[in-house]
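Reviewing the structure listed below.
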Amino acid sequence: MKKNLVILIIATIFFGCKLMPKEEEKENIKPMTAKTLYGMIGTDSIFQYTLTNKNGMVVKILNYGGTVTDIITPDKNGKMGDVILGYDSLSGYLQTGNPYFGCLVGRYGNRIANAKFMLDGKEYTLAANNGSNSLHGGLKGFDKVIWSVKSFNDSSLSLSYLSKDGEEGYPGNLSIDVIYSLSDDNGLKIDYVATAEKATPINLTNHCYFNLSAGADSTILEHELMLKADKYIPVNEKTLIPTGKIDEVKGTAMDFTIAKKIGKDIANVTGGYDHNWVLNKSGDDLELIGSAYQAGSGRYMEIYTTQPGIQFYTGNFLDGTLKNTRGGVKYVQHAGLCLETQHFPDSPNQPSFPNTILKPGETYHQTTLYKFSVR
Ligand code: GLA
């Protein structure tokens with residue numbers, strides 16, 4: 001009897017220890033860190049990296065274009081859904097006319113008029129890919145290059161890219177780090193850091209198309225948007241190049257200072273919203289500058305940034321023709337909205353806009369945070 005009891009006690013302690021994770025083992029009971037092969041471009045492997053947090057929020061990113069393919073967040077009932085537009089496979093991202101879904105944008109986000117600018121007395125000619133203008137870095141912008149992975153764990157992915165002197169017409173080697181981090185309070189933070197060997201324009205951003213209904217609504221016209229911006233930059237309606245003026249939003253369709261449905265005034269904006277708002281910020285701290293809300297799902301997204309501007313684009317050029325879309329869904333006009341935190345378009349040609357020239361010895365550092373919750 002006594003012997004059996006001793007055996008039982010020893011067995012209990014032994015198996016108990018085995019079953020009960022030790023402190024250091026507990027550390028490892030985290031969501032699975034995943035890196036999976038997503039496809040090939042020639043002989044280059046394209047991987048998809050999955051970030052997860054303790055709430056089960058998931059963000060998936062490719063080394064191709066630093067592209068965010070999925071942002072999966074809970075709705076007000078705890079049901080998970082993907083809140084960005086995307087494709088089922090790499091071929092979707094590689095198709096001609098992919099309108100920059102989820103990617104990193106650079107060396108200069110948005111348009112540079114006539115694909116030209118003057119810097120230190122020299123005229124530079126860029127690759128024109130939008131009529132006579134250069135859009136989102138040119139023919140092969142940072143959205144179409146393969147980024148190196150510097151580090152990866154379940155809460156962050158650090159990417160880097162060396163843009164060579166002369167690439168797409170831009171001066172000097174530019175070395176860029178982009179760090180995506182997912183926090184336990186459902187924030188997706190993007191840090192952009194760069195240094196240049198020659199003076200160069202720089203304007204980095206991300207081009208996610210959000211639809212907080214996660215597929216329930218075919219457009220974002222019912223989303224309520226708030227932007228802390230009393231001013232915006234009017235553009236030439238044909239070329240979408242800034243006129244050089246900065247206008248007040250008050251009394252116009254551009255006023256989002258109090259949250260309103262995107263569809264409310266969109267009919268009064270030729271082509272739909274595709275403008276840069278001038279954020280009400282005094283400095284370059286990370287500040288809350290806007291929010292988007294979709295009542296059906298209860299999803300609410302706050303946008304924080306260090307940047308002076310934001311391009312709010314309502315997917316005006318989407319027309320249902322993209323192939324390999326996620327689940328075969330037709331992405332119709334206004335299926336998603338972009339909130340591209342950035343410097344103002346065409347700044348290198350607009351002397352009154354804030355400076356976008358990065359000089360050797362300086363460090364470019366911008367941060368944007370998209371924070372998800374429900375209401
Ligand atoms: C940005 C531009 C738009 C359009 C999209 C990509 O948001 O401002 O005009 O080019 O990118 O389709």
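The values are calculated or read from the model by the stated rules, or taken from the named source; none is laboratory data. All values reported here derive from a predicted model rather than from experimental measurement. So basically every Cβ, Gly included, is an ideal-geometry build from the backbone, and we count neighbours across all protein chains shown.
What the table shows:
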{"item": "Unmet requirement for Asn316, which otherwise passes all of (1) in contact (Cβ under 8 Å) with a residue 60 or more places away in the chain; (2) within 14 Å of the ligand (Cβ to nearest atom); (3) surrounded by 15 or more Cβ atoms within 10 Å (Cβ to Cβ); (4) in a loop (DSSP other than H, G, I, E, B)", "result": "(1)"}
{"item": "Filter result for the condition that a residue is closer than 27 Å to Thr73 by Cα, of a type in the set (A, V, I, L, M) and either surrounded by 14 or more Cβ atoms within 10 Å (Cβ to Cβ) or within 16 Å of the ligand (Cβ to nearest atom) (or both), over Val145, Val178", "result": "Val178"}
{"item": "Residue in segment 200-208 that is modelled with pLDDT of 95 or more, within 16 Å of the ligand (Cβ to nearest atom), over 16 Å from Val68 (Cα atoms) and of a type in the set (A, V, I, L, M, F, W, C) present", "result": "no"}
{"item": "Every residue from segment 271-292 that is of a type in the set (D, E, K, R), closer than 23 Å to Pro234 by Cβ and part of a strand (DSSP E or B)", "result": "Asp274"}
{"item": "Selected residue [touching a residue at least 12 places away in the same chain (Cβ under 8 Å), in contact with a Phe, Trp or Tyr (Cβ under 8 Å, 6 or more places away or on another chain) and not hydrophobic (A, V, I, L, M, F, W, C)] from Tyr170, Tyr180", "result": "Tyr170"}
{"item": "Set Asn153, Asn130, Asn110: member being under 26 Å from Phe312 (Cβ atoms) and either surrounded by fewer than 19 Cβ atoms within 10 Å (Cβ to Cβ) or away from the ligand (no atom under 14 Å from the Cβ) (or both)", "result": "Asn130"}
{"item": "Number of positions in segment 347-375 that are of a type outside the set (Ser, Thr, Tyr), surrounded by fewer than 17 Cβ atoms within 10 Å (Cβ to Cβ) and not in a strand (DSSP E or B)", "result": "8"}
{"item": "Filtered residues of segment 261-278 (kept if farther than 19 Å from Gly131 by Cα and buried (at least 16 other Cβ atoms within 10 Å of the Cβ))", "result": "Ile262, Ile266, Val269, Gly272, Tyr273, Asn276, Trp277, Val278"}
